1. Please go through (1) more than 15 Å from the ligand (Cβ to nearest atom); (2) buried (at least 23 other Cβ atoms within 10 Å of the Cβ); (3) closer than 20 Å to CYS139 by Cα for ALA63 and return the number of the only condition it doesn't satisfy.
2. Identify, please: which residue in segment 197-234 is at pLDDT 90 or above and on the phi > 0 side of the Ramachandran plot and is, among those, surrounded by the fewest Cβ atoms within 10 Å (Cβ to Cβ)?
3. Taking only segment 89-109 into account, find how many residues are more than 14 Å from the ligand (Cβ to nearest atom) and free of Cβ contacts under 8 Å to residues at least 24 places away in the same chain.
4. Quick one: which residue in VAL98, VAL122 is farther than 16 Å from PHE14 by Cβ, surrounded by fewer than 14 Cβ atoms within 10 Å (Cβ to Cβ) and at pLDDT 90 or above?
5. Can you tell me which residue within segment 127-148, out of those that are in contact (Cβ under 8 Å) with a residue 60 or more places away in the chain and of a type in the set (S, T, N, Q), is nearest to the ligand (Cβ to nearest atom)?
6. Mind listing just one residue for me: the one in segment 46-62 that is more than 16 Å from PRO159 (Cβ to Cβ), among the aliphatic types (A, V, I, L, M) and assigned to a loop (DSSP other than H, G, I, E, B) and, of those, nearest to the chain's Cα centre (by Cα)?
7. Applying the selection to segment 12-49, what residues are hydrophobic (A, V, I, L, M, F, W, C) and more than 14 Å from the ligand (Cβ to nearest atom)?
8. Inspect segment 247-254 for any residue being assigned to a helix (DSSP H, G or I), more than 20 Å from the chain's Cα centre (by Cα), under 24 Å from LYS295 (Cα atoms) and not charged (D, E, K, R) and give the result as yes or no.
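The values are calculated or read from the model by the stated rules, or taken from the named source; none is laboratory data. Worth saying up front: this structure is predicted, and the values here are computed from it rather than measured. As a convention, Cβ positions derive from the backbone with ideal geometry for all residues, glycine included, and neighbour counts pool all protein chains shown.
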Amino acid sequence: MMERNILHIDMDAFYAAIEQRDNPDLRGLPVIIGSRHPRSVVSTASYEARAFGVHSAMPMVKALKLCPEAICIPPNLKKYQNVSEKIMQIFNKYTDLVEALSLDEAFLDVSGSQRIFGNPRVIAQRIKENIKEQVGLTCSIGISYNKFLAKLASDLEKPNGMTVICKEDIKNKVWPLPINKMWGIGPKSSIKLEKCNIRTIGQLAQTDLNFLQNILGSWGAEVYHMANGIDNRPVVPHREAHSIGHETTFLEDTVDLEFIKMVLLDLAQEVGRRLRSQKIKGKTIVLKLRYSDFKTITRNHTLMECTDRDDLIYKIAIGLFKTNYDKNKSLRLIGITVTGLTTGEEHKQISLFPVENEKSNILYQALDKINSKYGEKTVTRARLVRKS
Ligand SMILES: [Mg+2]
């Protein structure tokens with residue numbers, strides 16, 4: 001098997017660092033992201049708060065006992081998601097193989113990127129610089145030939161670290177580490193292993209495999225191999241969404257067909273806009289109807305080609321509506337979802353009328369630009385609103 005080059009990138013105290021970035025008064029102070037509510041837990045602690053022993057997932061009561069002067073800030077997930085999106089875009093410049101583990105953490109397989117961007121260290125350095133310049137934050141990067149070691153490495157020199165683990169480094173850098181640094185070894189397994197005098201990853205690596213399987217079950221073999229530096233799991237890029245949909249519950253149940261068509265058009269435009277903004281297309285259009293008695297039906301239609309176009313989504317949805325709507329009943333909710341999603345590249349839309357298609361792509365780009373600039377639904381295509 002070809003040697004792989006994997007980066008594990010982990011933002012430093014992500015939520016807290018964003019708040020400190022946006023409010024200079026918070027810089028240098030112990031900041032805890034989380035509400036002051038007695039039953040809440042710490043979401044993220046700034047490095048200043050960590051110095052007092054505060055860490056994520058700690059009960060807030062305990063955190064405030066350790067660090068009474070800490071400044072508590074309720075989390076602003078929307079803001080953190082926006083920052084996360086920018087970071088993921090930076091990662092995607094260097095490779096298509098990006099596997100996000102959370103908002104602030106991802107694996108990148110850069111094996112195929114070296115001819116263009118340089119060796120993994122150079123790529124890691126450039127990513128750090130891009131993040132610093134474009135987002136104003138620091139991260140720690142682990143570099144190795146598999147996922148387990150890359151993730152372990154990113155944790156070794158936090159914050160703002162960059163750590164390489166080669167095959168030759170395993171004995172020096174990995175084996176002395178305590179077993180709770182092992183992927184998949186939680187507190188319970190740690191206690192079991194410590195009872196058997198297994199306290200370091202090195203001791204784990206030299207334990208008899210059968211013995212380990214008796215203690216850890218089926219997970220034992222994986223742990224054993226990882227401790228010995230073997231981990232063949234690929235970096236799997238995945239899209240967050242398997243479908244993109246939108247639905248509307250009417251203020252009052254309705255039988256007004258013209259009104260329902262207008263709402264369907266609105267939904268089709270919203271779904272189309274979201275597909276295009278994420279640069280994905282879908283193959284199956286799903287219509288959802290819920291009647292006033294709460295009976296709910298979904299009907300779908302699969303296209304020959306993937307699409308991200310409002311007019312096509314609308315046309316299919318209206319067709320499904322006409323054939324499936326029970327006119328004797330009033331409608332409570334209506335929704336459109338597009339599934340069978342793929343990124344645009346592997347399913348380029350083939351048109352019999354390439355010029356026409358090209359034109360309408362340009363039109364959509366222009367409409368999306370206006371709509372994202374001035375808020376949603378500023379511009380609607382007149383042809384679509386026309387009564388049919
Ligand atoms: Mg992090």
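1. Tallying (1) more than 15 Å from the ligand (Cβ to nearest atom); (2) buried (at least 23 other Cβ atoms within 10 Å of the Cβ); (3) closer than 20 Å to CYS139 by Cα, ALA63 fails exactly one: (3).
2. In this case the residue turns out to be ASN197.
3. Initially, segment 89-109 is screened for residues more than 14 Å from the ligand (Cβ to nearest atom), giving 89-99, 108-109.
Narrowing the set further to residues that are free of Cβ contacts under 8 Å to residues at least 24 places away in the same chain leaves 89, 92, 95.
Summing the residues that are more than 14 Å from the ligand (Cβ to nearest atom) and free of Cβ contacts under 8 Å to residues at least 24 places away in the same chain in segment 89-109 gives 3.
4. Values: VAL98 fails: surrounded by fewer than 14 Cβ atoms within 10 Å (Cβ to Cβ).
It is VAL122.
5. In this case the residue turns out to be SER140.
6. The first filter runs over segment 46-62 and keeps only residues more than 16 Å from PRO159 (Cβ to Cβ), leaving 52-53, 57-62.
Now drop any that are not among the aliphatic types (A, V, I, L, M), which leaves 57-58, 60-61.
Cutting the leftovers down to assigned to a loop (DSSP other than H, G, I, E, B) gives us 57-58.
Details: ALA57: 20, MET58: 24 Å.
Per the criteria, the residue is ALA57.
7. In the first step, residues of segment 12-49 are kept if they are hydrophobic (A, V, I, L, M, F, W, C); the result is 13-14, 16-18, 26, 29, 31-33, 41-42, 45, 49.
Result: LEU26, LEU29, VAL31, ILE32, VAL41, ALA49.
8. The initial filter retains those residues of segment 247-254 that are assigned to a helix (DSSP H, G or I), namely none.
The answer is no; no qualifying residue exists.
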